[in-house]
Each structure stands twice: as C-alpha cells, then as structure tokens.
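Take a look at the structure set out below.
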Amino acid sequence: MLTRATAIRRGFMWLGLAACLAASSQARAQSDSDEQDAPPPPSASAAVGAGSFAPFTMGARSDTQRALGFFLGGYDSARRGGVFQAGAEAQLWDRVTVRGGGSYLGPAGTLRPEAALKVDALRQERHGVDLAAAVGYEAQGFNLTPAVVARLAVGRTLDHTRLTANVGYGAGTRADERYGDLRLAAMQELSRNLHLGLDSRFRIDLERDNDEPAGEAEWELNAGPMAALSMGRFVLSAGGGASAVKYRFMGDRTVGLYGLMGLGAVF
C-alpha cells in the first residue's frame, strides 16, 4: 500500500514529466508553424524582463512565452560545492502553467527533482500588480526531506524596471519539518536585448527540535547582481554575489561567494 508521502511524490513526479513533455510539444508545434507560416521567432527579451530567468525568484506572470527551458551552473563557496539547476515551464491553458526540473547542491548532494503547478491570478493591466500562486513538490527540500511547497509571487513593472517579491512555505512529508523563504528581485531593461538586475533568496528552518536531519541548515542567504543577454529566442545569463549559511547545532556561520552562468530559450 502506498504511503501518503509516496503518493504525493509520484503525483508530482508525473507533473514534472508533464512539464517537460508539454515544453517539448510546444517547441515542436512552434517549429511546425514556423515551417508553414515562417513568422518571426519568439524573443526571450520579454521573458527576461518579466523575471522568468532569475536564478532564485519566481516570476509573477507567465504570458511572455508559451514554453521555456533553462540550465544554470556554478559554485557556492559557502556551501563548498557546485550548484546546478535545470527546468522547463509550459502553458497548459490560459493562465495555468506546469513547471518541472531538478537541482544539485554539492559537494555531497544528490539530484533533487521538483515539479509545480502555477496560476497567474492577477495582471497589472487590470489590477495594478501581477500575482501568481504555485504549489509544488521537492524531492529534497531545504530541510533535506521531501516537501510540498506553496509560493506566492507579486510583481510590478515601473517604466523599464521590473520588481518581484516571493514568499514561500515548505512542509516536509516526514519528521514534521517546515521552512519558509523570502525572495526579492529587480530587473532593469538597459536595451531591448540587455537586462541588468539583482536577485536574492533567504530560507530559514521553521521547525526547531533536537530531531533534525544530518547536515540541515538553520538558515541560508544568497544575494547579488545578475545580467542577461537575449539573442532571439535564446538568453545567456550570469550572476554572482554573497552567500551565507548556518547549520543546525553549529555555532559558526559560513560566509562566501557564489557565481552562476545560465543558458535558456523560449518557445
């Protein structure tokens, strides 16, 4: 008999697979359409400006593209290991998108599959702000246990500047683990194809007792600048900054630097 955690995990893994298949289907459909009608290829610039390729912060709207894919890789000296992330997002219908992917955090980490369903609830054109809500599953959350995660994203564009904020809550499927996170980002359009901004993420353990997974962090912070260059449907990004982490049952915190480079595409 399946346990609740196993059932949740399998359900979200199928959701992640659906995201990848949907993105692939969107790409094939766009390719077929291009061959028949030869329209101009989609531009990644609008998606970058909306925050869709920020390394930490989730964008508050997903209507700038029908599908996208990305890969990020780099190093975090506070964690003393490599950092890798890959994912895909595709519209299911209107304001509903499905996301799937995975991440790796070294030096002794494992691949962490994740999947989510996201809904664009409000749009700035009518309500003054963009608001999106997402519910997903992480095979290994911040607390190092499988977690169901809920996140809200609010965003607003002021002239050529995009401001985005996230608040999230993760509930572990075992050991009553819980965590919260806050993410803030700003993106400035310097030209049609060049964006410069800041991105940040703060995560903290909300469950405090003596029964904790080995190596669990008490809190973690990443913050720094990023730049993105759009080239047609493709985008090349780079970012870096300060990183800090404090582990449970350890008095000292570790402070360092992180650096990331990424490649993405819209369809």
Quotient of Cα Rg and 2.2 N^0.38 Å for the chain, N being how many residues it contains: 1.00
For Tyr137, Tyr258, order by how many other beta-carbon atoms lie within 10 Å, fewest first: Tyr258, Tyr137
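If contacts are Cα pairs under 8 angstrom and at least 6 residues apart, what is the relative contact order of the chain in percent?
With pairs under 8 Å counted, the relative contact order is 19 percent.
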Net dipole in debye of segment 4-266 [+1 Lys, Arg Cβ; -1 Asp, Glu Cβ; about Cα centre; nearest 20]: 80 debye
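Can you sort Met187, Met58, Met250 so the residue with the fewest Cβ neighbours within 10 Å comes first?
Details: Met187 27, Met58 23, Met250 12.
Exposure proxy ranking, most exposed first: Met250, Met58, Met187.
To the nearest 0.05, how large is the calculated FRET efficiency for Asp252 and Asn193 if R₀ is 30 Å and r is the Cβ-Cβ distance?
Numbers: r = 44 Å, r/R0 = 1.45.
Working from the Cβ atoms, E equals 0.10.
Gly51: net charge of surrounding residues, Cβ under 15 Å, Lys/Arg +1, Asp/Glu -1, itself excluded? Numbers along the way, then the final one.
On the way: positive: Arg61, Arg99, Lys118, Arg123, Arg151, Arg156, Arg162, Arg183, Arg201; negative: Asp63, Glu89, Asp120, Asp130, Glu189, Asp199.
Overall, the nearby charge balance is +3.
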Crossing angle, helix 4-37 versus the chain [Cα axis fit, 0-90 degrees, rounded to tens]: 20 degrees
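Treating only the Cβ of Lys, Arg, Asp and Glu as charged (+1, +1, -1, -1), what charge dipole size does segment 83-228 show about its Cα centre? Round to the nearest 20 debye.
On the way: 16 positive and 21 negative charges, 132 e Å.
Roughly 640 debye, rounded to the nearest 20.
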Additional length obtainable on full extension of the chain from Leu152 to Phe234, 0.36 nm per residue less Cα span: 26.8 nm
Sum of side-chain charges, Phe202 neighbourhood, beta-carbon under 9 Å (Lys, Arg +1; Asp, Glu -1): +1
Local electrostatic count at Leu260 - Lys and Arg +1, Asp and Glu -1, tallied over other residues with Cβ under 11 Å: -2
Likely footprinting exposure, Arg174, Arg79, fewest C-beta neighbours within 10 Å first: Arg174, Arg79
Rounded FRET efficiency, nearest 0.05, which uses the C-beta distance separating Phe71 from Leu184 and R0 of 41 Å: 0.95
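Values in this text are rule-based calculations from the coordinates and carry no lab data. Note that the coordinates shown come from a computational prediction; the quantities given were computed from them, not determined experimentally. Positions of Cβ are backbone-derived with ideal geometry, glycine not excepted, and every protein chain shown enters the neighbour counts.
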